[in-house]
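The structure under discussion appears below in the form of structure tokens.
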Amino acid sequence: AQQMVMELAGIKKGSPISSRNCAMTDVAQMLGCDHLLANSVNMKIKIGNEIVEGVFMETADGTDLKRLKYDDPLFDAQLGSFQNPEALMQVADLQVLDFICGNTDRHGFNMVYQFAREKNNQVKFTGIKGIDNDCAFGIPDVKSDKQIMRMVKPEKMKFITTHMLEKLANIDKKQLEFKLLNNGLSKDEIHAVYDRIDMVLEAEKNNKFIHADKEYWEKNKLANNKNA
């Protein structure tokens with residue numbers, strides 16, 4: 001089953017998988033949005049006399065839909081609980097980050113949602129973190145009309161933040177290539193990242209996005225954006 005998922009994601013058989021989490025962390029750091037992921041790093045540990053290489057992913061605190069508890073704040077959330085500009089900007093940024101990184105498998109069970117209980121005991125959505133990012137950096141046919149697993153292409157996106165646009169427009173491609181090569185990605189996989197960045201910037205030139213910055217969400221209700 002996993003191999004079929006990898007093939008749909010455009011990842012060749014035998015390609016490194018776990019280090020793709022680390023590669024996505026590196027891209028997120030370059031775009032100033034590593035707070036959106038449970039960050040991963042390559043590491044070596046010594047077990048007895050043997051050195052074992054692996055990937056360490058930080059723990060993401062919050063609501064995990066796979067491990068809900070009876071007292072989880074999600075159960076007390078109302079539609080108004082999600083009207084938080086900062087958190088909605090995070091959702092928009094994660095959608096773009098996933099596309100840039102070719103992550104085809106973002107869904108409700110590989111995200112952790114953060115909520116806070118306010119003094120009046122009302123619940124407020126405060127942020128989001130992506131986990132399990134090992135379906136990233138394949139070479140899916142993003143220019144075709146077909147749906148590629150759960151990937152959202154630029155023409156289907158509704159929102160983008162000005163911060164994300166500026167970071168994409170000014171990203172250092174040589175530094176990006178260096179980081180991705182160090183995570184075992186191929187030249188073709190790296191060039192596919194460049195192509196996806198260009199697709200987002202082209203969509204911006206064609207006025208496909210609403211700039212969903214803090215000011216936008218202070219004036220517009222999430223309930224009025226039915227396709228958000």
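Residue under question is F159, and the condition is that it be buried (at least 18 other Cβ atoms within 10 Å of the Cβ), in contact with a Leu (Cβ under 9 Å, 6 or more places away or on another chain), within 21 Å of E202 (Cβ to Cβ) and modelled with pLDDT under 95; does it hold? If you could, list the steps in order and put the result at the bottom.
Details: buried (at least 18 other Cβ atoms within 10 Å of the Cβ): yes; in contact with a Leu (Cβ under 9 Å, 6 or more places away or on another chain): yes; within 21 Å of E202 (Cβ to Cβ): yes; modelled with pLDDT under 95: no.
In short, no.
Starting from region 79-94, take each residue that is without any contact (Cβ under 8 Å) to a residue 60 or more places away in the chain and list its partners that are of a type in the set (G, A, S) and open to solvent by less than 20 Å² (accessible area, probe 1.4 Å), counting only C-beta distances under 6 angstrom and pairs at least six apart or across chains.
Short answer, once both residue conditions are applied: A87/G127; Q90/G127.
Identify, please: which residue in region 124-152 is at pLDDT below 95 and among the charged types (D, E, K, R) and is, among those, surrounded by the most Cβ atoms within 10 Å (Cβ to Cβ)?
Result: D134.
Return the residues of region 211-228 that are at pLDDT 95 or above and open to solvent by 40 Å² or more (accessible area, probe 1.4 Å); say none if nothing qualifies.
Once the filter is applied, which keeps residues that are at pLDDT 95 or above and open to solvent by 40 Å² or more (accessible area, probe 1.4 Å), region 211-228 yields H211, K214, E215, Y216.
Across region 169-197, what is the number of residues that are open to solvent by 70 Å² or more (accessible area, probe 1.4 Å), assigned to a helix (DSSP H, G or I) and either farther than 18 Å from K153 by Cα or of a type in the set (F, W, Y) (or both)? Spell out the reasoning first.
If we filter region 169-197 for residues that are open to solvent by 70 Å² or more (accessible area, probe 1.4 Å), which is where we start, we get 170, 172-175, 178, 181-182, 187-188, 191, 195.
So of that shortlist, the ones also assigned to a helix (DSSP H, G or I) come out as 173-175, 178, 181-182, 187-188, 191, 195.
Right, trim to either farther than 18 Å from K153 by Cα or of a type in the set (F, W, Y) (or both) and you get 173-175, 178, 181-182, 187-188.
The qualifying residues number 8.
Against the definition (among the basic types (K, R), more than 30 Å from N224 (Cα to Cα) and modelled with pLDDT of 85 or more), how does K174 come out, yes or no? Reasoning before the result, please.
Working: among the basic types (K, R): yes; more than 30 Å from N224 (Cα to Cα): yes; modelled with pLDDT of 85 or more: yes.
When the stated conditions are applied, K174 passes them.
A quick yes/no check of all residues on (1) in a helix (DSSP H, G or I); (2) open to solvent by less than 90 Å² (accessible area, probe 1.4 Å):
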{"position": "I11", "(1), (2)": "no, yes"}
{"position": "A28", "(1), (2)": "yes, yes"}
{"position": "N42", "(1), (2)": "no, yes"}
{"position": "K69", "(1), (2)": "no, no"}
{"position": "G80", "(1), (2)": "yes, yes"}
{"position": "Q90", "(1), (2)": "yes, yes"}
{"position": "D93", "(1), (2)": "yes, yes"}
{"position": "F99", "(1), (2)": "yes, yes"}
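Listed residues I128, I51; which is within 16 Å of the chain's Cα centre (by Cα), outside any loop (DSSP other than H, G, I, E, B) and of a type outside the set (G, A, S)?
Details: I51 fails: within 16 Å of the chain's Cα centre (by Cα).
Going through I128, I51 in turn, the sole match is I128.
The values are calculated or read from the model by the stated rules, or taken from the named source; none is laboratory data. Predicted, not measured: the structure shown is a model, and the values here were computed from it. Cβ: placed from backbone, ideal geometry, glycine included. Neighbour counts: every protein chain shown. The area values use the complete protein model at the heavy-atom level, side chains included, leaving out ligands, DNA and RNA. Shrake-Rupley method; radii C 1.70, N 1.55, O 1.52, S 1.80 Å.
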